[in-house]
Amino acid sequence: MKTIMNIVWLVLCGFWLAVGYVVAGVVMCILIITIPFGIAAFRLAAYALWPFGRTVVPKPDAGAGSFIGNVIWFLLAGLWMAIAHVITGIALCLTIIGIPLGVADFKLAAVAIAPLGKDIVRTDDPRALYGQPAAGAVR
């Protein structure tokens, strides 16, 4: 079921969301100081392509640096990517088949707002059992 959901996701919105994250990542990599944000954008691009079967868990060692980074990320790219997720989520929810994908898209919007201090893991990873799944978790 995860594979079918991922294929439908990829065709309907995953590709374009991933392109948005890649563009944000390339822009972030222009300046040396924003390269960590670019790396986070590339991780999110891979996650946006194939989200089902993976989940986002908080890093146990994330601290104030992640919080400050998330504030900067939100101002530079997070708000725009969250808006893209909400728009595609609304469009997906217009059909009955797209409702589960739209719900996953709304969960990904929360991840797009503050991605630093989080890890993307498979749902069968032991870390997924202890962390709170944030998006795309199909168990």
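The values are calculated or read from the model by the stated rules, or taken from the named source; none is laboratory data. None of the values given here were measured: they were computed from a predicted structure. Here the Cβ positions follow ideal geometry from the backbone for every residue, glycine too, while neighbour counts run over all protein chains shown. Side chains are part of the model used for accessible areas, which takes the heavy atoms of the whole protein and leaves out ligands, DNA and RNA. Shrake-Rupley method; radii C 1.70, N 1.55, O 1.52, S 1.80 Å.
General observations
- Förster radius 41 Å - calculated FRET efficiency between ILE33 and VAL86, Cβ distance, rounded to 0.05: 0.90
- Potential extension, ASP61-ASP124 segment - 0.36 nm per residue separation minus Cα distance: 20.5 nm
- What the phi angles of segment 39-50 give under the Karplus curve with 6.51, -1.76 and 1.60, with θ = phi - 60°, is a coupling list of 5, 4, 5, 5, 4, 5, 5, 5, 5, 5, 6, 9 Hz, glycine and proline written as x.
- Evaluating 6.51 cos²θ - 1.76 cosθ + 1.60 at θ = phi - 60° for every residue in segment 111-118, the Karplus couplings come out as 5, 5, 6, 9, x, 6, x, 10 Hz, glycine and proline recorded as x.
- Computed over protein heavy atoms with a 1.4 Å probe, the carbon and sulfur contribution to the accessible area of segment 1-122 reaches 81%.
- Segment 22-31 - phi-based ³J(HN,Hα) in whole Hz, Karplus 6.51/-1.76/1.60, Gly and Pro as x: 5, 4, 4, x, 5, 5, 5, 7, 5, 9
- Here the ratio of the Cα radius of gyration of segment 5-76 to 2.2 N^0.38 Å is 1.20.
- ILE96 versus ALA110: modelled label distance in nm, points set 7 Å from Cα along the beta carbon direction: 2.8
- In the full protein context, the chain carries 55 Å² of accessible surface per residue, based on a 1.4 Å probe and ignoring ligands, DNA and RNA.
- Each Lys and Arg Cβ is given +1 and each Asp and Glu Cβ -1; about its Cα centre, segment 23-139 then shows a dipole of about 100 debye.
- Given the choices (1) -0.47, -0.65, -1.45; (2) -0.66, -0.82, -1.33; (3) -0.44, -0.60, -1.28, log10 I(q)/I(0) by the Debye sum over Cα atoms at q = 0.12, 0.14, 0.21 Å⁻¹ derived from the coordinates of this structure is entry (3).
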